[in-house]
1. What ranking, highest mean first, results for peptides 147-160, 33-46, 9-22, 123-136 when packing means the other Cβ atoms within 10 Å averaged over each residue?
2. Classify region 135-176 as rounded, prolate or oblate from the Cα gyration tensor: take a ≥ b ≥ c as the square roots of its eigenvalues, call it rounded if a/c is under 1.5, otherwise prolate when a/b beats b/c and oblate if not.
3. Quick one: which residues, 5+ away or cross-chain, put their amide H under 5 Å from the amide H of LEU104? H built at 1.01 Å from N.
4. What are the ³J(HN,Hα) values, in whole Hz, obtained from phi via the Karplus relation 6.51 cos²θ - 1.76 cosθ + 1.60 with θ = phi - 60°, for each residue of region 54-69 in sequence order, with x given for Gly and Pro?
5. For every helix of n ≥ 4 consecutive DSSP H residues, a contribution of -39,500 (n - 2.57) applies; sum these over the chain, divide by its total residues, and give [θ] at 222 nm rounded to the nearest 500 deg cm²/dmol.
6. So if R0 is 25 Å, what FRET efficiency would GLN176 and MET118 give, r being the distance between their Cβ atoms, rounded to the nearest 0.05?
7. Going 7 Å from the Cα of GLU10 toward and past its Cβ, which residues in region 161-176 have a backbone nitrogen under 12 Å from where you end up?
8. Taking θ = phi - 60°, what integer Hz values does the Karplus form 6.51 cos²θ - 1.76 cosθ + 1.60 yield along region 3-12, in sequence order, with x for Gly and Pro?
Amino acid sequence: MEKELLNEQEIERILTRITHEILEKNKGAENICLIGIVTGGVYLAERIKNKIKETEGVDVPLGILDISFYRDDINISKKRKPIKPSNIPFSIEGKNVILVDDVLFTGRSTRAAMDALMDFGRPAQIQLAVLIDRGHRELPIMANYTGKYIPTSRDEKIKVNFKEIAGKDSVLLIKQ
Ligand code: 5GP
Ligand code: MG
């Protein structure tokens, strides 16, 4: 069973709001960089980057992080082949790094992303932006910027569609 939780316009408004929250918290765009977590986080980070460019006229550096090899449950989950390998072609030293992901669940990916980031340098801050927080955290991790909190049950999953792949943006609740 599928239920639409967010449509294209609602996702657009959420990303506009998150962009403004990021700019407010960081007092502008001068010291920030965006890191999209493969793959959904990359599309979202690109949208936020474009919105920052529109509002502040600043080109914020955007990097890509694939954390499939850093996950602590890598041995029990099937190793995925990186589709887009990590690519952070700028220094994160002293920066306010905004990690961007589509769905926050146990928090293990975020922990792995922070671990991976530390190999690239020492940021001033790491902040987390997610489109959906579906609960069930297993680590003490929360997002600084949350699109929508959807307290799912264990048999529910979230499907995030992006226009770049699916032709239109939407967020669906999938009941198995
Ligand atoms: P966590 O590591 O917090 O358990 O899970 C978060 C990561 O797994 C994110 O990168 C996210 O893309 C993916 N993920 C976890 N649950 C869901 C879900 O219900 N739907 C989608 N689309 N991705 C999920
Ligand atoms: Mg993901």
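1. Values: 147-160: 14.7, 33-46: 22.5, 9-22: 17.1, 123-136: 20.1.
Top of the packing list down: 33-46, 123-136, 9-22, 147-160.
2. Numbers: a/c = 2.81, a/b = 1.44, b/c = 1.95.
Judged from the Cα gyration tensor, region 135-176 comes out oblate (a/c at least 1.5, b/c at or above a/b).
3. Amide H to amide H, under 5 Å and 5 or more residues apart or across chains, LEU104 pairs with ILE132, ASP133, ARG134.
4. So the Karplus estimates, Gly and Pro as x, are 5, 7, 10, x, 10, 8, 7, x, 10, x, 10, 10, 10, 9, 4, 8 Hz.
5. -9000 deg cm²/dmol, from helical runs alone.
6. On the way: r = 36 Å, r/R0 = 1.44.
In this case the efficiency is close to 0.10.
7. It comes to 170-173, nothing else.
8. Using θ = phi - 60°, the values come out as 9, 6, 9, 9, 9, 4, 5, 5, 5, 4 Hz.
All of the numbers you see were taken from the coordinates with simple rules; none came from a lab. Small disclaimer: the values here were computed from a predicted structure and weren't measured. Positions of Cβ are backbone-derived with ideal geometry, glycine not excepted, and every protein chain shown enters the neighbour counts.
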